[in-house]
Amino acid sequence: MDSQNVGVLKHASLRNYPFLYELYLKDNNIRSIEPGSFHHQKDLELLWLQDNKLINISRETFEGLKTLNELRLDHNKLQRIFQGTFSYTPLLRKLDLRNNTISVLEEGAFDELDYLENILLSFNSLTTINKGVFGNLMSLKTLELASNGLKTIDGNAFDCAPVVNKLVLNGNKLDKIPAKVIANLKFLEFLYVNNNPLELIEADAFKGLRRLTTIELSHCKISSIQNGSFDDLGHLEAVHVRNNPLNCNCHLRWLPTWLSRRPGLTFDGAICHKPNDISGTGLTSANLTSFVCSCAACKMDANCSGESVNCSCPDNWAGSSCSDTCQSDSGAVGTCQNFGGKCFCGGNITTKPLSRAICSFNITSAKCSENGELKKNGSRLECKCNIGFEGNGSYCTDINECNTGKHFCLKHSVCINTQGSHRCECQEGFTEEVEGLCMDVNECSRQKPCHVNATCYNSLGSYTCICHAGFVGDSCMPEPEKPTDLKITVISSTEVSVSWTAVDISKTKLIKVEYKRFGIHGEDWEVINLQPNETRATLRELTPHANYLVRVDSHSDGGFQNSLVIVVALAVSLFVLIIIAVLLVYLMRRKKKPKRGSNPQYVPGLEDLIEMRTRTQSGGADHRGNRDHLELGGNLHSFASGTVDHTDEWEIERDRLLTGQKLGEGQFGLVLEGTLMTDGDLDGFRLSVPFMGF
């Protein structure tokens, strides 16, 4: 309903629209609103009436708007806000009254607005803020009073608005920081007093404002800032002092030193205008020896000290030249300064505390946590933890939303906890194209990540590079030719020669010969680096009677290798092998009991396998030695492979086996004839025993 040239909003104008939630009536040339015009809009939450010609509003103007949250009346012609004007809008949170001609705010003008958080009153005609104007605003956080021509603010003006964290006073006519007014704003974080005729920042200007982070002092007439002005401000982040005529004399000497101990603090625009020798120089760049006071103006027989103070005054005299009678309540007058005919005595002035205003609500005496704030709880203001923190308000700890599952990070994103909150970051290979939604990055089309000799294949959250045929490695370099025909020549028991066929040196950068001892005594690889055209290497200082694994690699520019591997066995003493075999077999068989049978026996022996030569089946012993003899013949292979079917097993003691003549030579060495002596048998059993060759 904007720009309809309504003129007068009548009682019945909105009768047929009872279910409105938002109503826009800006720029309608509305001059007046009849009482009860919004009586039927019981669910209305937002009402815009800016850019009209309203002169007066009253309590009855907004009757019925019990659920209204936001009311805009800016850019009208309002002149006065009466007591209780908005009492029919108890849930109001934002009230915009900018750019009117308001000159009077009556005491109680904003009564019964317990939930009001923002009042915007800039660009009006207010010159004085009286006691009780902002009374009982227990939820107010932002108060803007810029460009009003304000000269005075009553000391108790903000006592019943204790949770204000942003106060805007720029563009007025304040000649000093209203320290008494703002002293009780313990939650104040942002203070704007720029474009005011301030000449001096007194030591107690910001006393008690421990949460203050930003002070805007630009475009004033500040020539000096007293020592200790920022001492209470433990959370201070920025002070803006652009376009101020700073007098960098002895009274300001403390400031560069103080700033040097706080490198994280922004203190911008501080330029010295006096003394002349450092005029135009930045405060922190000027030589401290120039920060002196002139003694020429000292009067009344004062003692002059040019480094710390201007003049040390005698009794009953004070001021920059000891010519003004300005003695503090405590009697200390030595550091007073004269600004515009007024005498300021720094932090030595003792003032009587103001009596606090009586508010319609109670305020807890508990100290709130830095991560908490005072919030309405019925008719009380109590400490409550901020969103993202938990605790009793006096002690608040961060809630890790990532661990508790209270975050809203979607698929393919990672939750990262922060103080009082969290953030979601896309996993590697994904990007946030829509807020909160991580989409796969097609690296193949965006970045061209693969080598020119490879093809890129995109995958979810990643990609793969496949080298073209004939190219290998991470850099897809030409595949090196594999060494072939690897030969080993034993030079001695500790030295061998390794040779191979030549490779294509255009594809090969390096030949590596690597070798190490094989088996349980294996060691790290030994490496010999050779030129691509070399085809031979000698391995020296090898361990005698050991096995070695030898590998010859060809390497391309990309680091890819092509290898040929061979096992080299150096001769080991046969006697040692036989002794080891005997001991192992003996230990394995000594607990087995003999089995008797009538068939020829093939029994595992001591050194290897033993073929039994038994008596004949037909009768007793042949004392002439005429016995059946089972020749080994083709069975030698069976012995060697260990596949003989055994029909009986014997445990044979070493001292009962007598070896004799050579019978022949089989697949794995000599076959000796022997006799196995048994109890009660003088002749014993004749055996043939195969041995590994020497």
Condition check for F471: surrounded by 15 or more Cβ atoms within 10 Å (Cβ to Cβ) and farther than 30 Å from L530 by Cα: no
Residue list for the stretch 123-142, restricted to those being under 21 Å from T214 (Cα atoms) and surrounded by 21 or more Cβ atoms within 10 Å (Cβ to Cβ): L140
Breaking point among (1) at pLDDT below 85; (2) among the charged types (D, E, K, R); (3) closer than 30 Å to F471 by Cβ, for R536: (1)
Some residue of the stretch 66-85 being surrounded by fewer than 20 Cβ atoms within 10 Å (Cβ to Cβ), free of Cβ contacts under 8 Å to residues at least 40 places away in the same chain and among the β-branched types (V, I, T): yes
In the stretch 1-48, residue farthest from T67 (Cα to Cα) [restricted to those that are part of a strand (DSSP E or B) and of a type in the set (A, V, I, L, M)]: V8
Conditions (1) over 30 Å from L510 (Cβ atoms); (2) out of contact with any helix residue (DSSP H, G or I) (no Cβ under 9 Å at 6 or more places or on another chain); (3) not in a loop (DSSP other than H, G, I, E, B); number of the one not met by H422: (2)
Residue in the stretch 205-223 that is polar (S, T, N, Q), outside any helix (DSSP H, G or I) and under 24 Å from A161 (Cβ atoms) present: yes
Set E60, E106, E45: member being surrounded by fewer than 17 Cβ atoms within 10 Å (Cβ to Cβ), acidic (D, E), within 27 Å of G378 (Cα to Cα) and in contact with a Gly (Cβ under 8 Å, 6 or more places away or on another chain): E60
Conditions (1) in contact with a Ser or Thr (Cβ under 8 Å, 6 or more places away or on another chain); (2) crowded, with 18+ Cβ neighbours inside 10 Å; (3) under 23 Å from E117 (Cβ atoms); number of the one not met by K384: (1)
When residues of the stretch 144-171 are limited to those that are out of contact with any helix residue (DSSP H, G or I) (no Cβ under 9 Å at 6 or more places or on another chain) and among the polar types (S, T, N, Q), the one surrounded by the fewest Cβ atoms within 10 Å (Cβ to Cβ): T152
Qualifying position, being assigned to a loop (DSSP other than H, G, I, E, B) and closer than 29 Å to G84 by Cα, among P162, P197: P162
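The values are calculated or read from the model by the stated rules, or taken from the named source; none is laboratory data. Values in this document were obtained by computation on a predicted structure and should not be read as measured data. So basically every Cβ, Gly included, is an ideal-geometry build from the backbone, and we count neighbours across all protein chains shown.
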